[in-house]
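Have a look at the structure below, then the notes.
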Amino acid sequence: MMTAKINFITNNLLVDMTCRENELRSSLQNIGILIVPNMIYLDNRRTLQIQLNANDEVGEIVKTLINTERDTLGTVQRLCRSVYCLNAKHRAELIEMIENGEITTAAEGIEMAKRLREPVQMCR
């Protein structure tokens, strides 16, 4: 779906954004980033650089919801993980809502994925 290339001083990290939150936090700590992902804004160019790359069509569509000035690395991870954990039917419904303009922000995408997943929680 999506990867993040993170550059911090001389350390680099390529992380799959469908990973679990604790895996992301651990990967960041391994390159010296001790701040929690929810506090790392995507436009933080002073201390680290974050480049998001979509790996497929779903990733391209999901990426349209991300606002680099407002969203955090943690928000992107939750969005990608939420979409990843949907079954095929619910994922198609969510993608259709995004394409139709019913969902326009990462927060809305996370919330809708949560609602779609509520009846059957298959992924933890």
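Worth pointing out:
- Only listed residue being among the small types (Gly, Ala, Ser), outside any strand (DSSP E or B) and closer than 30 Å to Gly101 by Cα, chosen from Gly32, Gly74: Gly74
- Of all residues in the range 76-111 being polar (S, T, N, Q) and buried (at least 22 other Cβ atoms within 10 Å of the Cβ), the one that is nearest to Ala54 (Cα to Cα): Gln77
- Any hit, the range 46-54, residues being in contact with a helix residue (DSSP H, G or I) (Cβ under 9 Å, 6 or more places away or on another chain), at pLDDT 95 or above, surrounded by fewer than 14 Cβ atoms within 10 Å (Cβ to Cβ) and within 18 Å of Met17 (Cβ to Cβ): yes
- Tally, over the range 80-120, of residues that are within 18 Å of the chain's Cα centre (by Cα), of a type in the set (Gly, Ala, Ser) and within 23 Å of Glu69 (Cβ to Cβ): 5
- Number of residues in the range 20-73 that are closer than 24 Å to Thr10 by Cα and among the β-branched types (Val, Ile, Thr) equals 9.
- Listed by first and then second residue, the pairs linking a residue in the range 2-26 that is surrounded by 13 or more Cβ atoms within 10 Å (Cβ to Cβ) to a residue that is among the basic types (Lys, Arg), with Cβ atoms under 7 Å apart and 6 or more places separating them unless they lie on different chains, are Met2/Lys63; Thr18/Arg81.
- Residue within the range 60-70 that is over 21 Å from Met112 (Cα atoms), at pLDDT 95 or above and not in a helix (DSSP H, G or I) present: no
- Tallying residues that are surrounded by fewer than 18 Cβ atoms within 10 Å (Cβ to Cβ) and either in contact with a His (Cβ under 9 Å, 6 or more places away or on another chain) or under 13 Å from Thr18 (Cα atoms) (or both) within the range 64-73 yields 0.
- Among (1) of a type outside the set (Lys, Arg); (2) part of a loop (DSSP other than H, G, I, E, B); (3) over 17 Å from Met17 (Cβ atoms); (4) at pLDDT 95 or above, the one test that Met122 misses: (4)
- Yes/no for Gly32 being small (Gly, Ala, Ser), over 16 Å from Thr3 (Cβ atoms) and touching a strand residue (DSSP E or B) at 6+ places or on another chain (Cβ under 7 Å): yes
- Of all the criteria given as (1) more than 12 Å from the chain's Cα centre (by Cα); (2) of a type outside the set (Gly, Ala, Ser); (3) not in a helix (DSSP H, G or I), the one not satisfied by Glu23 is (3).
The values are calculated or read from the model by the stated rules, or taken from the named source; none is laboratory data. Nothing here was measured: the structure is a model prediction, and the numbers come from that model. Ideal geometry is used to build each Cβ from the backbone, glycine not excepted, and the neighbour counts take in all protein chains shown.
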